[in-house]
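Beneath this line is the structure, given in structure tokens, with notes to follow.
The values are calculated or read from the model by the stated rules, or taken from the named source; none is laboratory data. Since we're looking at a predicted model, the values are computed, not measured. No Cβ is skipped: glycine too gets one built from the backbone with ideal geometry, and neighbour counts run over all protein chains shown. In case anyone asks, the SASA skips ligands and DNA or RNA and just uses the protein heavy atoms, side chains included. Shrake-Rupley method; radii C 1.70, N 1.55, O 1.52, S 1.80 Å.
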Amino acid sequence: GQIEARVNGWLWDQTDLLEAFRKSDAYAAEVSALPKDQRRPMREDERDAYCRFGDVVYGRTIWKKDELERFIGKVCVLGLGFQMGAAKFQTTLAKGALGGPRVNFPLSQCEHIVRTYRAANYRIAEGWKICTQIIEDMALGVSGAHKCISWGGDGDGNGWVLLPNGMSLKYPNLRKARNEEKGFEEWTYQSGEMRKKIYGGLLCENLVQALARIIVAEQMLMIDKKYRCVMTTHDEVVAHPKLREAEKCYQFMYQCMTTPLWWCPDIPLAAEGGWAENYSK
């Protein structure tokens, strides 16, 4: 559940975002075992982060039943967390973000949403600045560390970020040059035969997605000790138990996928799923 947003908030200590996840998780856990007619109404402070940011976009209280409005909140929380600007945000919505409906917002509204996101999630925005410094450090061969990651370089432009599972992200041949078309300097690195740009928000996205993947992969190993895992897609894990063990398997998987790893013991994790006799979304 919202693994990238949770990792992004955890990595940069955006504590209010994490607390919003904890409250919505606690409510979901409380009512999940109750019949619908016995569930108490959700309080405003128990809504998830997508609904909460939807309030900012639409100027009213957004609930899960407000599917379009919550979806726009989701696009904001996920996309704007990696330094997306107003113009790209507008284009992303118009094209149908995350496979959703096409939404047309005026640029002025997109600018307001971006400013509001960055003000509300100021620690994540500060994280982009830290990532910019990490790029500079890697290029110069300067070592450093933050929480579960460390970084360095060979002093000749070849940099890397070491991840908590021993793997690394590599950025060979880092170079800074002026982009004449855009009128500012930018960093690029060699990726095969291509040069790719890298900046604070993009490095942040690389780190968050890598850490999220490590979490899911380690959870798969936990699950596979008891039930055979047969596939995964992004943040989804599929196991193949005997039919008579399906419910037990699901409960075990849920327990594994809500258990933080040793290097992020305080991150709130959530999951949802189910079982069927055939694979189905």
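Quick notes on this one:
- Yes/no for residue 30 being closer than 22 Å to residue 89 by Cβ, of a type outside the set (Lys, Arg), open to solvent by 40 Å² or more (accessible area, probe 1.4 Å) and without any contact (Cβ under 8 Å) to a residue 12 or more places away in the chain: no
- Counted residues, segment 55-93 - those being among the basic types (Lys, Arg), free of Cβ contacts under 8 Å to residues at least 24 places away in the same chain and crowded, with 17+ Cβ neighbours inside 10 Å: 1
- Of all the listed residues (156, 137), the sole one being over 30 Å from residue 91 (Cα atoms), out of contact with any Cys (no Cβ under 6 Å at 6 or more places or on another chain) and assigned to a helix (DSSP H, G or I) is 137.
- For the residues 235, 224, the requirement of being open to solvent by 30 Å² or more (accessible area, probe 1.4 Å), touching a residue at least 60 places away in the same chain (Cβ under 8 Å) and not hydrophobic (A, V, I, L, M, F, W, C) singles out 235.
- Taken over segment 238-249, residues that are open to solvent by less than 70 Å² (accessible area, probe 1.4 Å) and either within 24 Å of the chain's Cα centre (by Cα) or among the charged types (D, E, K, R) (or both) amount to 3.
- Consider segment 33-54 and keep the residues that are in contact with a helix residue (DSSP H, G or I) (Cβ under 8 Å, 6 or more places away or on another chain) and in a helix (DSSP H, G or I). The one that is most open to solvent (accessible area, probe 1.4 Å) is 52.
- The listed residues are 135, 215, and the only one of them that is touching a residue at least 60 places away in the same chain (Cβ under 8 Å) and in contact with a strand residue (DSSP E or B) (Cβ under 7 Å, 6 or more places away or on another chain) turns out to be 135.
Yes/no matrix, rows are residues, columns are (1) more than 21 Å from residue 149 (Cα to Cα); (2) modelled with pLDDT under 95:
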{"site": "174", "(1), (2)": "no, no"}
{"site": "178", "(1), (2)": "yes, yes"}
{"site": "195", "(1), (2)": "yes, yes"}
{"site": "202", "(1), (2)": "no, no"}
{"site": "228", "(1), (2)": "yes, no"}
{"site": "277", "(1), (2)": "yes, yes"}
